[in-house]
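Everything below concerns the one structure shown next.
We did not get these values from a lab; they are worked out from the coordinates using the rules stated. For clarity, every value in this text was computed on a predicted model and none was experimentally measured. Here the Cβ positions follow ideal geometry from the backbone for every residue, glycine too, while neighbour counts run over all protein chains shown.
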Amino acid sequence: MAELIEFPKKVVGKAGLALLEPVLHWPVHSVDDFGRDPHLIGMLSPLAKLRWDVSVGGTRHLPVRGGALLVCNSRRWALNAVYAALALSEATGRPVRFVGRPDVAPIGPFMRRIGGLLARPDEVLGALRNHELVLMSSEGTNHARHAGPVDHHLISAAVVSGSPVFPVATMSSAVSRAARAEVGPQVRPRRKRKGPLAEVELAEQVQHHLQRMLDGFGGMQTGVAPIDWLAEG
Amino acid sequence: MGGELGSLIAAQLEAEPWVGALVGIDVDPPRRRLRKAEFHLLQPSQRDRIVDVVTSFNPHVLINVSVWEPDARASLTHARQFTADATKAIVGAAAECPALESMVLRSGLEIYGRERNAATRPTENAPLHPTTEYGKMLANIEQSAREVGRRVGIAVGKLRLAPVLGKHVPSPLGRVLRQPVVPFSMMADAPFAVIEDGDAARAFVAAAAQRLDEPLNIVAPGAITALQAVLRGRRVPLPLVGPEWALARRLSHLFGAPIPDHVVELMHRGRLGDGSRARETLGFEPRLSTPEVIDHLYAWESVVRIGSIREVA
């Protein structure tokens, strides 16, 4: 009787396995608590490196263990948060999650697999409370060296969880692979506040720090002026 | 106490030094040998008998796991009816027990719902917007218990379990994943977490011991997607895009593994939960991670062969 029950399962199983042999030999891993898939990231990193050659600096400022909120500047359509998160993950050896994935298939689930979080304060708070490094971006601008306003609602997650906030100045070119991600020292609030002013002021300070770091970067210098102008956006 | 989870909880409670007498009610007899517990075989619809048993025992702690997951042991209509009847009888009886200090309820991560832009990994503070029938059933249970707790002034602990998998646990998710061909959402293939039945039982015992008075997510660490689970189990993955899910659900039902809406939602939108508060509050650490529970799921024999019975002189 047991053989009879097992028979159709065995037949279907064998036929399917023969057809899907290549797929089944694909390395099988699981994802982490937030849905990030390090194996997929490992597979995609050569592709990412074809587009961006990121030089990373200032990672000594980041905590070795605890959670931290990193804030980068963003130029529209430049995917600053994505390449900076991937590069910082590689440089620090810790997963860096970026904020701002959409919740629509197939892009949303794909971005979740490469470390994306929804742009919700509770989502960021959950990650920070679990001692994760989270990278959010400021509002997008049209200029590579302008830091847009920083969303204080997201910064509130760092205030509530007591996590440090670090600016990350990023710059990439639309015409070359060269990109840069520089982590600045921790931004400490000037005044101690009990209420929501804490995150509003901290967000403004972070924007200010980012702008100062971007000013220090200088413009693109490829030696070909028109390319530099293009890269300036 | 007759279901696998109830039997496991009863067996673990019997070993606890703080537990004196133990009484259980279920529609099925216990699946384990219980030495101390007294068992009553009652249907959820027998409200008067249930109230009699509970009030005459007059417990200090009441654990309610009488939740029928749709398509686990009963169809959706029956599951809804049984759960509503059992909740009415047990939670109602709890209010009549003068010695009662605490009530611990079974709930689930389905209660948070997975509408668009809902938190991916909700904490216990996340708003409750159930988007499936099972989620709505759980929300009703929590609401009833909350009201009773407020009225009679008892602690109400709610354990929001990730999908429970175990050797003998009837689970629609477990059944679907163990089929030879398993459908998965090609466009999303979202991650989910689970919990092993033994770990879930330990959480109930810890919550009862501490007279828990808040909701807690009970989730095994790690996560897995449906495709990853299928490949781990060396099953044949069947990628589906959207409209053909209706057909797949019907076919799966025919083959004995119905796929209820909360399992479809799990495959499309994922089901994760932040279980860190359970660690802080109860000191609860699941023994098995999500990928390990899935590996165990595939390691179980689908047909248990028992050798011929020989008479021994």
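Things worth noting here:
- Residues in the range B:122-153 that are of a type in the set (D, E, K, R), out of contact with any strand residue (DSSP E or B) (no Cβ under 9 Å at 6 or more places or on another chain) and either surrounded by 22 or more Cβ atoms within 10 Å (Cβ to Cβ) or under 25 Å from B:ASP199 (Cα atoms) (or both): B:LYS136 alone.
- The residues on offer are A:LEU44, A:LEU88, A:LEU50, A:LEU40, and the sole one that is in contact (Cβ under 8 Å) with a residue 60 or more places away in the chain, part of a helix (DSSP H, G or I) and in contact with a His (Cβ under 9 Å, 6 or more places away or on another chain) is A:LEU40.
- Residues in the range B:164-180 that are surrounded by fewer than 22 Cβ atoms within 10 Å (Cβ to Cβ) and in contact with a Gly (Cβ under 6 Å, 6 or more places away or on another chain): B:PRO180 alone.
- Of residues in the range B:179-193 being part of a loop (DSSP other than H, G, I, E, B) and more than 7 Å from chain A (Cβ to nearest Cβ), the one farthest from B:LEU240 (Cα to Cα): B:ALA193
- Single match in B:LEU254, B:LEU227 (criterion: free of Cβ contacts under 8 Å to residues at least 40 places away in the same chain, within 13 Å of chain A (Cβ to nearest Cβ) and out of contact with any helix residue (DSSP H, G or I) (no Cβ under 7 Å at 6 or more places or on another chain)): B:LEU254
- For the range B:36-72, the set of residues classified as surrounded by 17 or more Cβ atoms within 10 Å (Cβ to Cβ) and among the basic types (Lys, Arg) consists of B:ARG47 only.
- For the range B:146-168, the count of residues that are within 14 Å of another protein chain (Cβ to nearest Cβ) and on the phi > 0 side of the Ramachandran plot is zero.
- Selected residue (criterion: surrounded by the most Cβ atoms within 10 Å (Cβ to Cβ)) from residues of the range A:53-74 that are in contact with a Leu (Cβ under 9 Å, 6 or more places away or on another chain) and not in a loop (DSSP other than H, G, I, E, B): A:VAL71
- Exactly one residue out of A:SER138, A:SER89, A:SER161 is within 14 Å of chain B (Cβ to nearest Cβ) and among the hydroxyl-bearing types (Ser, Thr, Tyr): that is A:SER161.
- Options A:ALA144, A:ALA158, A:ALA203; residue that is part of a loop (DSSP other than H, G, I, E, B), more than 15 Å from the chain's Cα centre (by Cα) and within 24 Å of A:GLY57 (Cα to Cα): A:ALA144
- Screening A:PRO185 on (1) more than 18 Å from A:GLY57 (Cα to Cα); (2) part of a loop (DSSP other than H, G, I, E, B) shows it passes everything except condition (1).
- Residues in the range A:75-99 that are among the small types (Gly, Ala, Ser), surrounded by fewer than 24 Cβ atoms within 10 Å (Cβ to Cβ) and at negative phi: A:ALA78, A:SER89, A:ALA91.
- Highlighted here are the strands (runs of 3 or more DSSP E) found entirely within the range B:1-111 that include at least 2 residues which are farther than 17 Å from B:PHE204 by Cα: B:38-41.
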